[in-house]
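Data first, discussion second: the structure below is written as structure tokens.
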Amino acid sequence: MNFNLKDEAAIAQDELNSYLEAQVRAIAPRFKCLVPVNIKVERVGFTRNASRTPYIVYKVGDRRCCTFVKRLFFLELVQVLLKVKYSIEDRIRSITSSEYFGLSVETTEQPKYIPSSYINTFLERYNQVALEKTAPQQCGCNDLYDMCLHLIARTLHNGVKVKSFTRLMREEAHERK
Ligand SMILES: [Zn+2]
């Protein structure tokens, strides 16, 4: 089969498109939306039974609903929030909901309290980013919460490089010397 120049350009473009589509597919299953519509998050908590399943109470228009989230997925989301909002990349050890529905997060370094307004806003916007597939573009947003949709998209796109335990142990061993 013979290709002329136009065909080759078209093939290159097709390859690029399928590469980009594969990239989006690779990210998409991990970072799926919480609810397939835009939501207003009211509060976040954990069930009182032994499973301590995270739940999110939200509103769509006037309708109030609740969704349960897998613990590991919730942990991953809070890890993204720590990176976006506080530039913290220490691995989360535990999360508990505290007074006024904020979250108390224990990391391998210092504990962190996340006020409910931040966690609620983050989850709303995360959902929007996942739903609308916001591009991870550079931006000049002057956002009240310092976590615009693009910053969340960029962080998801780049991934959060959490300090591994092995690296942490190596650092501790180094300090003991
Ligand atoms: Zn932005």
Picking from Tyr113, Tyr100, the residue that is under 25 Å from Asn49 (Cα atoms), of a type outside the set (A, V, I, L, M, F, W, C), at pLDDT below 90 and surrounded by fewer than 17 Cβ atoms within 10 Å (Cβ to Cβ) would be Tyr100
Within region 116-154, of all residues that are touching a Pro at 6+ places or on another chain (Cβ under 8 Å) and not basic (Lys, Arg), the one nearest to the ligand (Cβ to nearest atom) is His150
Residue check for Tyr86: away from the ligand (no atom under 16 Å from the Cβ), within 28 Å of Val60 (Cβ to Cβ) and either surrounded by fewer than 18 Cβ atoms within 10 Å (Cβ to Cβ) or modelled with pLDDT of 90 or more (or both) = no
Across (1) in contact with a Lys or Arg (Cβ under 9 Å, 6 or more places away or on another chain); (2) surrounded by fewer than 18 Cβ atoms within 10 Å (Cβ to Cβ); (3) over 25 Å from Ser51 (Cβ atoms); (4) modelled with pLDDT of 95 or more, Leu168 clears everything bar (4)
Selection from region 121-137 of residues free of Cβ contacts under 8 Å to residues at least 40 places away in the same chain and of a type in the set (Ser, Thr, Tyr) yields Thr134
Those strands (runs of 3 or more DSSP E) completely within region 32-78 that have 1 or more residues that are in contact (Cβ under 8 Å) with a residue 60 or more places away in the chain are 40-46, 54-60
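The values are calculated or read from the model by the stated rules, or taken from the named source; none is laboratory data. Everything quoted here is computed from the prediction, not taken from an experiment. Please note: Cβ atoms are built from the backbone with ideal geometry, for glycine as well, and neighbour counts cover all protein chains shown.
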